[in-house]
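Report on one structure; see the data block that follows.
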Amino acid sequence: MRVRPVSTEVLVEELADRLAAEAPERRLRVAIDGPGAAAPGTLADALVDPLRVRGRPAVRIDAADFLRPASVRLEFGRTNPESFYTGWLDEPGLRREVLDPAGPGGTGRIVTRLWDARIDRAAREPYTALPPAAVVIVSGPLLLGAGLPFDLTVHLELSAGALRRRTEPAELWTLPAYARYGDEVDPAAFADVVVRLDDPRRPALVLNRE
């Protein structure tokens, strides 16, 4: 594997450059995929202002706002890795309310929050009209490999040891799901951008995996 160490600031600027240059004539759907320990939402948030400066308005979507109802998600308990892997995210809802409308030929009208998991009810967010060159950034875990129509994908990769060290104790039950994701999907093998984050202070861009 060849990697290029970068600072967090350089990582954000280089990603913003790439996203801003990608299909500037239309809306862009971007996944920032990674476990909670890699803080994909933090990176996604950091891209908003740099993209705006580059003329690409960004809209943030958190996968945590597109979970399935608790009756489905927690059917086999609150700490079931199988459910977390296969039944946590409302993929049809994310596609219907965000990714398809933001895609080619879509209406450009999206819902930024579909489900409020804290109260287990619909979020009742109004529709948002996207500008023609908007970048829709979806952050969260286990986003790749299910056929969701992203135009560009970023995967935040941690070694098994780093993932275990940096996962909150209350979330350690999710580790088997991430191990399965790595084995079955292997997102680092096909994501457009792969960032190694074993040390969050010293990210590294993966240049190739040979």
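Take the alpha carbon atoms of the range 35-82, find their radius of gyration, then divide it by 2.2 N^0.38 Å using N residues; give the quotient.
1.63
Can you tally the net charge around Ala44? Count Lys and Arg as +1, Asp and Glu as -1, for every other residue whose Cβ sits under 9 Å from the Cβ of Ala44.
After counting each charged neighbour, the total is -1.
Please calculate how many Å² of accessible area the chain carries per residue, with a 1.4 Å probe and no DNA, RNA or ligand atoms counted.
Value for the chain: 50 Å² per residue.
With a cut-off of 8 Å between alpha carbons and a minimum separation of six or more residues, what is the relative contact order of the chain in percent?
34 percent.
In the chain, carbon and sulfur make up what percent of the accessible area (probe 1.4 Å)?
Accessible surface attributable to carbon and sulfur in the chain totals 52 percent.
Compute the Rg to Rh ratio over the range 108-177 from the alpha carbon atoms, using the Kirkwood formula for Rh, and round to two decimal places.
A ratio of 1.04.
May I ask you to order 137-148, 180-191 by the average number of other C-beta atoms within 10 Å around their residues, highest value first?
In descending order of packing, they fall as 137-148, 180-191.
So what's the back-of-envelope 222 nm ellipticity for the chain, counting only DSSP H runs of four-plus at -39500 (n - 2.57) apiece and dividing by all residues, rounded to 500?
Rounded to the nearest 500, it is -7500 deg cm²/dmol.
Mind jotting down the three principal axis lengths of the range 42-124 based on Cα atoms? Whole angstrom, largest first.
Extents along the principal axes: 46, 29, 22 Å.
Taking the highest mean first, how do the peptides 33-43, 70-80 order by number of other beta carbon atoms within 10 angstrom per residue?
Packing order, densest peptide first, comes out as 33-43, 70-80.
Nothing charged except the Cβ atoms of Lys and Arg (+1) and of Asp and Glu (-1): what's the magnitude of the dipole of the chain about its Cα centre? Round to the nearest 20 debye.
That gives a dipole near 280 debye.
If you wrap a convex hull around the Cα atoms of the chain, how much volume per residue is inside, in Å³?
Here the figure is 118 Å³ per residue.
So if the hydrodynamic radius of the range 83-123 is defined as the Kirkwood radius over C-alpha pairs, what does Stokes-Einstein give as its diffusion coefficient at 37 °C and 0.692 mPa s, in µm² per second?
292 µm²/s
Compute, for the range 102-197, the length of the dipole vector about the Cα centre, with Cβ point charges of +1 (Lys, Arg) and -1 (Asp, Glu) only. Units Debye, rounded to 20.
300 debye
The values are calculated or read from the model by the stated rules, or taken from the named source; none is laboratory data. This structure is a prediction, so every number in the text was calculated from the model and none was measured. Here the Cβ is made from the backbone with ideal geometry for all residues, glycine too, and neighbour counts use every protein chain on show. Calculation scope for accessible area: heavy atoms of the full protein, side chains included, ligands and nucleic acids excluded. Shrake-Rupley method; radii C 1.70, N 1.55, O 1.52, S 1.80 Å.
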